[in-house]
Amino acid sequence: MVKFLMNDSSPYFVGFEEDDYAEEKDINNPDFFPYLNMPYDVPFVPTPEVVVRRMLQLANVRRGEHVYDLGCGDGRIVIMAAREFGAQAACIEIRKDLYEQTLRRVKDLGLEDRVRVIYGNFFEEDLSDADVVTMYLLTSVNERIKPKLERELKPGVRVVSHDFEMPGWKPLIVEDLYEEWRSHKVYLYKIPGLEIPIPVGELKNIIKNVKLDEEHMKVLELIDGNRSIEEISNKTQLTMRAVREIISDLIKQGLISEVKVIK
Ligand SMILES: C[S@@+](CC[C@H](N)C(=O)[O-])C[C@H]1O[C@@H](n2cnc3c(N)ncnc32)[C@H](O)[C@@H]1O
């Protein structure tokens, strides 16, 4: 059973292991949140930087990909995603003070064009543009956000969760990390499904009659009505986002009729 640990000095001090000074609370107990007197789904507990870096590495965040962190805290995940991994990052924070703190840090670091800080509730924001979703929530909150992620995220999107698993999903990787005073778990998931671009006609004829740049041509040559966007991305070393953008150009040019999505 997942236990939450806290002490009396701060309503937001939360640990996840036995501690001499900590009081133990069962998060599955409905009285838990009233006890904390906390209007939010999850309190602010920052992910240590080494764990943040490992989460982003395991998710294989690549330049230009869109990383969404559910609950910014002090913004450390989106800031590292933008600075060290070249991502376009966004985070959603419900607490005004933390939203403002993250916004200030982002401005001080000159990252406004690469990090979007949203003041709001992650249950209500559109996540469909994400390539990677990071979270440090609670198993019970993961369970509640699961249908939204399943509905909105595209096949192949990586979801990486610190310490709390997504009930019912099969992780690709579960890694234990040790940092200063406690151990951490990182769960990596991938949204299942396939997106298959369908060419308008016989590929040989299409290719003969068009003039495209090298990347568009590389992608077009791999489209056969069976290969998925993920396979094309692996073969070309382009991100899935980049492949999708090229395919949307090819649709505009009338070379691809549709993208079949099989979830
Ligand atoms: C455990 S902290 C993690 C912060 C950061 N992601 C990290 O890993 O360092 C969870 C954060 O989610 C925020 N939060 C809780 N419920 C939320 C909701 N419904 N919408 C947006 N943010 C929320 C909290 O205020 C807190 O900052």
Looking at the stretch 53-74, I want the residues that are over 23 Å from LEU103 (Cβ atoms) and more than 13 Å from the ligand (Cβ to nearest atom) and have a partner that is part of a loop (DSSP other than H, G, I, E, B) and hydroxyl-bearing (Ser, Thr, Tyr) with Cβ atoms under 6 Å, at least 6 apart or on another chain. Which pairs are those? ARG62/THR239
Tally up the residues in the stretch 36-51 that are part of a helix (DSSP H, G or I), in contact with a strand residue (DSSP E or B) (Cβ under 8 Å, 6 or more places away or on another chain) and modelled with pLDDT of 95 or more, please. 2
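Report whether or not MET55 is on the phi < 0 side of the Ramachandran plot, assigned to a helix (DSSP H, G or I) and in contact with a strand residue (DSSP E or B) (Cβ under 6 Å, 6 or more places away or on another chain).
Working: on the phi < 0 side of the Ramachandran plot: yes; assigned to a helix (DSSP H, G or I): yes; in contact with a strand residue (DSSP E or B) (Cβ under 6 Å, 6 or more places away or on another chain): yes.
In short, yes.
Answer yes if at least one residue in the stretch 228-242 is polar (S, T, N, Q), at pLDDT 95 or above and on the phi > 0 side of the Ramachandran plot, and no otherwise.
yes
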Can you name the residue in the stretch 80-98 that is surrounded by 18 or more Cβ atoms within 10 Å (Cβ to Cβ) and more than 9 Å from the ligand (Cβ to nearest atom) and is also nearest to ASP41 (Cα to Cα) among such residues? ALA90
For the stretch 177-191, name all the residues that are outside any strand (DSSP E or B) and surrounded by 13 or more Cβ atoms within 10 Å (Cβ to Cβ). ILE191
If I ask for residues that are within 11 Å of the ligand (Cβ to nearest atom) and of a type in the set (S, T, N, Q), which ones from the stretch 110-135 would you list? ASN121, THR134
Tally time: how many residues in the stretch 175-213 are at pLDDT 95 or above and basic (Lys, Arg)? 2
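In the stretch 59-69, is there at least one residue being modelled with pLDDT of 95 or more, of a type in the set (A, V, I, L, M, F, W, C) and out of contact with any Lys or Arg (no Cβ under 6 Å at 6 or more places or on another chain)?
Residues of the stretch 59-69 that are modelled with pLDDT of 95 or more, as a first pass: 59-69.
Checking the rest, the ones that are also of a type in the set (A, V, I, L, M, F, W, C) come to 59, 61, 67.
Those left that are additionally out of contact with any Lys or Arg (no Cβ under 6 Å at 6 or more places or on another chain): 61, 67.
Yes; the residues of the stretch 59-69 include at least one that is modelled with pLDDT of 95 or more, of a type in the set (A, V, I, L, M, F, W, C) and out of contact with any Lys or Arg (no Cβ under 6 Å at 6 or more places or on another chain).
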For the stretch 95-110, state whether one or more residues are under 18 Å from LEU56 (Cα atoms) and either touching a residue at least 40 places away in the same chain (Cβ under 8 Å) or assigned by TED's automatic domain parsing to the domain that holds PHE85 (or both). no
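The values are calculated or read from the model by the stated rules, or taken from the named source; none is laboratory data. What you see is a predicted model; the values in this text were computed from it and never measured. No Cβ is skipped: glycine too gets one built from the backbone with ideal geometry, and neighbour counts run over all protein chains shown.
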